[in-house]
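To start, the structure itself, in structure tokens.
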Amino acid sequence: MRLDTPSSRRGNFANSIREVRWELDLRGFKDVKIMVSGGLTPQDIVVLRNAGADSLGVGTSIASGKTVDFSMDIVEIAGKPLTKKGKFSSRKDVLRCNKCHSVLVIPDGSSIPQCECGGRYESLMIQYLRSGTVSTEETPAKARDRAMAWIHSSINKDEPGVK
Ligand SMILES: [Zn+2]
């Protein structure tokens with residue numbers, strides 16, 4: 001059994017491991033091993049091993065280069081909103097106000113509200129692949145140019161917020 005919890009949501013990971021071990025043992029599954037992963041550091045190893053982890057996946061924290069940590073979750077299957085606990089289900093649209101740069105996430109297809117500042121929300125979503133084929137003129141260079149323009153337009157303004 002693999003327990004995978006990012007460090008930002010770990011809570012008390014050791015207690016979760018003890019709880020799972022307890023429940024497995026109680027139900028006659030003493031042979032089931034517990035593997036843990038998700039933002040683990042070398043400092044976590046002893047604590048999680050003592051809590052009952054049989055194996056540990058330590059990756060990002062021992063990488064030699066600078067890393068970009070991200071994860072993906074299923075949020076919709078065949079058009080039906082569905083996800084695991086702790087995630088917001090359904091396909092979404094990510095919007096940014098063209099005036100104050102605040103960010104808003106809404107269910108995809110919802111009507112776009114007006115920003116409290118009076119500005120207009122614009123979608124940040126670009127479909128990059130369609131059935132495995134690149135379906136946009138977007139390039140890394142264009143994305144970089146757009147990001148740099150946004151950064152320059154944000155200088156000397158209030159820090160953009162996330163709603
Ligand atoms: Zn605004």
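Observations, loosely collected:
- Put a plus charge on the Cβ of each Lys and Arg, a minus charge on the Cβ of each Asp and Glu, and nothing anywhere else: the dipole of the range 76-154 about its Cα centre is then about 300 debye.
- Linear extension gain, V134 paired with A149, 0.36 nm per residue minus alpha-carbon span: 3.0 nm
- When both bridge partners sit in the range 1-116, DSSP labels roughly 55% of those beta bridges antiparallel.
- Rounded to the nearest 20 debye, the dipole magnitude of the chain is 140 debye, with +1 charges on Lys and Arg beta carbons, -1 on Asp and Glu beta carbons, and the Cα centre as origin.
- For L3, the amide hydrogen comes within under 5 Å of the amide hydrogens of M35, V36, S37, counting only partners 5 or more places away or on other chains and with H modelled in the peptide plane.
- Gyration tensor (Cα) of the range 76-154, equivalent ellipsoid semi-axes in angstrom: 25, 21, 11
- Whole-Hz couplings from phi, Karplus 6.51/-1.76/1.60, listed for the range 104-112; x for Gly and Pro: 9, 10, 9, x, 4, x, 6, 5, 7
- The dipole here belongs to the range 2-78: it is taken about the Cα centre, uses +1 on the Cβ of Lys and Arg and -1 on the Cβ of Asp and Glu, and is about 220 debye.
- For the range 76-154, the relative contact order works out to 20 percent when only alpha carbon pairs closer than 8 Å and six or more residues apart are counted.
- Dipole of the chain, positive direction: furthest Cα of L26, P113, T41, with charges on the beta-carbon: L26
- What the Cα atoms of the chain give is an Rg and a Dmax of 21.4, 63 Å.
No lab work stands behind these numbers, since they all come straight from the coordinates. Note that this is a predicted model, so its numbers are computed, not measured. Here Cβ is always computed from backbone atoms with ideal geometry, including for glycine, and neighbour counts include all displayed protein chains.
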